[in-house]
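Structure record follows, encoded as structure tokens.
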Amino acid sequence: AAIEKRPAKESDKAAIETLRAKASDLRQRRARWRDASAVTYVTPDDPPTFLCVGADDEYRPLQIASLAAALKQAGVVHEHVIIPGMKHSVVSDPVVLGRIYAFLDKQLRPK
């Protein structure tokens with residue numbers, strides 16, 4: 001059966017324009033997100049980086065994982081620590097502080 005072609009209704013035209021506007025907005029948001037992301041700017045000459053996130057952090061675990069992957073790909077010295085059972089505020093944890101001090105000591109101590 002042939003598909004009947006009919007002239008576009010005004011409501012069809014409006015719906016198409018709405019979809020185009022939403023697609024354009026989505027592309028702009030993705031571009032802004034990419035521009036705001038530290039992952040975009042990782043280069044091999046970046047300094048050693050310590051990344052720490054709580055496994056139960058509802059805010060940033062995927063972003064940190066992406067940054068860790070970018071650092072690894074660029075050959076940047078880094079440590080990516082995931083603390084089980086921890087939420088967003090990990091710095092107050094004594095184990096985390098010990099890991100931070102050890103990382104800094106290793107990176108800053110004269111060789």
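Tabulated data for the structure shown
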| quantity | calculated |
| --- | --- |
| Whole-Å distance, taken between Cα centres, linking region 2-41 and region 61-111 | 39 Å |
| Solvent exposure of the chain as accessible area per residue, Å², 1.4 Å probe | 79 Å² |
| Net length gained if the chain between Q28 and V91 were fully extended (0.36 nm per residue, minus Cα distance) | 19.2 nm |
| Dimensions in Å of the chain - Rg and Dmax from alpha carbons | 23.3, 80 |
| Accessible area of the chain belonging to carbon and sulfur atoms, whole % at 1.4 Å probe | 59 percent |
| Average Cα contact separation per residue, region 19-111, under 8 Å, 6 or more apart, as relative contact order % | 29 percent |
| Extension gain, E17 back to D56 (0.36 nm per residue minus Cα-Cα distance, nm) | 9.9 nm |
| By average C-beta atoms within 10 angstrom, highest first, the peptides 28-37, 41-50 | 41-50, 28-37 |
| Cα-based reach from K9 at 19 Å (exclusive), listing aspartates and glutamates while leaving out same-chain residues under 8 positions away | E17 |
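The values are calculated or read from the model by the stated rules, or taken from the named source; none is laboratory data. Everything numeric in this text was worked out from a predicted model, so none of it was measured. When we count neighbours, we look across all protein chains shown, and the Cβ atoms used for this are built from the backbone with ideal geometry, even at glycine. Areas reflect the complete protein model, heavy atoms only, side chains present, ligands, DNA and RNA absent. Shrake-Rupley method; radii C 1.70, N 1.55, O 1.52, S 1.80 Å.
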